[in-house]
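The values are calculated or read from the model by the stated rules, or taken from the named source; none is laboratory data. Every value quoted in this text rests on a predicted model; they were computed, and no experiment measured them. A quick note on method: Cβ atoms are made from the backbone with ideal geometry, for glycine too, and the neighbour counts reach across all protein chains shown.
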Amino acid sequence: MILLKSIPKVDKFIAKDEFKGMSTPLISTISKKILQNLRDSILNNEIEEINENDLINKVKEEYEKIIEPSLQKVINATGVIVHTNLGRSLINEKAFLKAKDIATSYNNLEYDLEKGKRGERYAHISKVICQTLGCEDVLIVNNNASAVFLILNTFAKNKEVVVSRGELVEIGGSFRVPDVMASSGAKLVEIGTTNKTHLRDYENAVCEQTSMLMKVHKSNYSIEGFSSEVDFEDIVKVAQENNIIDYYDMGSGHFIDLPYGLNESEPSVKKIMEYNPSLLSFSGDKLLGSVQAGIIIVKKELIAKLKKNQLLRMLRVDKITLALLEENVKSILLGSIDDIPTLKMLFTKTSKLKENATMLKTAIDDICQCEIIETQTVIGGGTTPNKKIPTIALAVKFKNYKPNKIEKLLRAKNIVGRIENEQFLLDFRTIQEGDIKIIENAIREIA
């Protein structure tokens, strides 16, 4: 009981000089918890003395854990360019500074400077996207899942939407197309089989209740072997013949031709525009290489109806998203591909990757075993499923350390690599040149 009486009083404890400049309410909350734990330990005969300095240090450690940012910079050495777990596409620094200028001052988000009256927020982005793609209008929502939901809810509530069984996808986070359709009020009509869908399946499914023929990008898988699917161009023709809407959920849209023959399986938005479609939607933060957004384009009259849906108020984007997206699309329009980090990484030649890998190998050869290897990686983010591209990696080995241990040690320093063929690899497809020195220092600390 004598020890219990020695427990510091909360008001006196939190007034100590060691806590000056810190948030008093937060220090108070943490101190109460730690002092209560101390009381419980004494009652359970787990401690025999009280060290006030230890208590102060515990409070300060807990305080730092709470206020330390949870979202931190990470070096992506996995080789996966659009890594969903690591924030997907990088934002160009120049574009970010322009967006910062907009965000830190008043702006004309919903104000028409020419007419001197209320304007529309989507007008800022429609000009550059329509010019780039040749579409009639555009609408931006907070992600492509929102775009899918908004389109189905607007045009297919209590009506039928025809979709191939082979395209009823589930992507990360248990986002399932059938469930989204049900939530939107649309009625799913499945056609074809898992591996084969024919044009006649679409034609035979059309009836008075049909509002839409929908195609869905197979974002994270592909069907190989005895299989077939209908080109969107043919789906558009059937929809037009029956005076109904055709809609392609492209998942990850891109505006330019991709390297390594990827266009064969992933046609660009510009290519799809040649079919004169009704509606297309795609993500902003995948192969477009911009900020998270759902982009809906094409027919002006349909976009106008989407804008009248009350759900849009909940799904719309803010000034920062619009500013970043505008800068990104402008770079594509002007042919400045190097201003888009995602595309720059994708188009970088393996000779340049090898040069960067050699730079790091030379710097750390004296402290660990390294080997430059030619291998393959994926783009990621639900793009180009099962398609691989060439890359260069540095296999890093430490004496007596297994690959899992090396991976864990570097991950503790916010460097995320990958293990392949029982080797720990740093893949230079995604390592930025400014990060090479940071990796070198981290490896030296581990060594």
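Values computed for the structure shown
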read-out: Some residue of the stretch 399-407 being at negative phi and in contact (Cβ under 8 Å) with a residue 60 or more places away in the chain; value: no
read-out: The stretch 302-330 residues that are not assigned by TED's automatic domain parsing to the domain that holds SER211, paired with ones that are acidic (Asp, Glu) and surrounded by fewer than 16 Cβ atoms within 10 Å (Cβ to Cβ) (beta carbon under 6 Å, 6 or more apart); value: none
read-out: Subset of the stretch 203-225 that is of a type in the set (D, E, K, R) and in a loop (DSSP other than H, G, I, E, B) - its residue that is nearest to VAL269 (Cα to Cα); value: LYS218
read-out: Neighbours by Cβ (under 6 Å, 6+ apart or cross-chain): first from the stretch 15-39, farther than 14 Å from LYS60 by Cβ; second charged (D, E, K, R) and outside any helix (DSSP H, G or I); value: none
read-out: Scope the stretch 385-431; condition among the aliphatic types (A, V, I, L, M), over 29 Å from ILE223 (Cα atoms) and part of a strand (DSSP E or B); matching residues; value: ALA393, LEU394, ALA395, VAL396, ILE415, VAL416, LEU425, LEU426
read-out: Helices (runs of 4 or more DSSP H) wholly inside the stretch 293-366 that include at least 3 residues being among the small types (Gly, Ala, Ser); value: 350-364
read-out: Qualifying residue in the stretch 158-180 (condition: hydroxyl-bearing (Ser, Thr, Tyr), within 22 Å of the chain's Cα centre (by Cα) and buried (at least 21 other Cβ atoms within 10 Å of the Cβ)); value: no
read-out: Matching entry among THR197, THR154 (being in contact with a helix residue (DSSP H, G or I) (Cβ under 9 Å, 6 or more places away or on another chain) and under 21 Å from ASP234 (Cβ atoms)); value: THR197
read-out: Unique match (being of a type in the set (A, V, I, L, M), touching a Cys at 6+ places or on another chain (Cβ under 6 Å) and over 30 Å from CYS135 (Cα atoms)) among LEU353, LEU394; value: LEU394
read-out: Odd one out for LEU288 among (1) part of a helix (DSSP H, G or I); (2) in contact with a His (Cβ under 8 Å, 6 or more places away or on another chain); value: (1)
read-out: Qualifying residues in the stretch 40-91 (those that are on the phi > 0 side of the Ramachandran plot and touching a residue at least 24 places away in the same chain (Cβ under 8 Å)) - the one surrounded by the fewest Cβ atoms within 10 Å (Cβ to Cβ); value: ARG88
read-out: Any hit, the stretch 217-229, residues being of a type outside the set (Ser, Thr, Tyr), more than 24 Å from GLY380 (Cβ to Cβ) and in contact with a helix residue (DSSP H, G or I) (Cβ under 9 Å, 6 or more places away or on another chain); value: no
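Matching residues to (1) in contact with a Phe, Trp or Tyr (Cβ under 8 Å, 6 or more places away or on another chain); (2) exposed (fewer than 15 other Cβ atoms within 10 Å of the Cβ); (3) free of Cβ contacts under 8 Å to residues at least 40 places away in the same chain:
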residue	(1), (2), (3)
SER146	no, no, no
LEU150	no, no, no
THR193	no, yes, yes
ARG200	no, yes, yes
ASN220	no, no, no
PHE232	yes, no, no
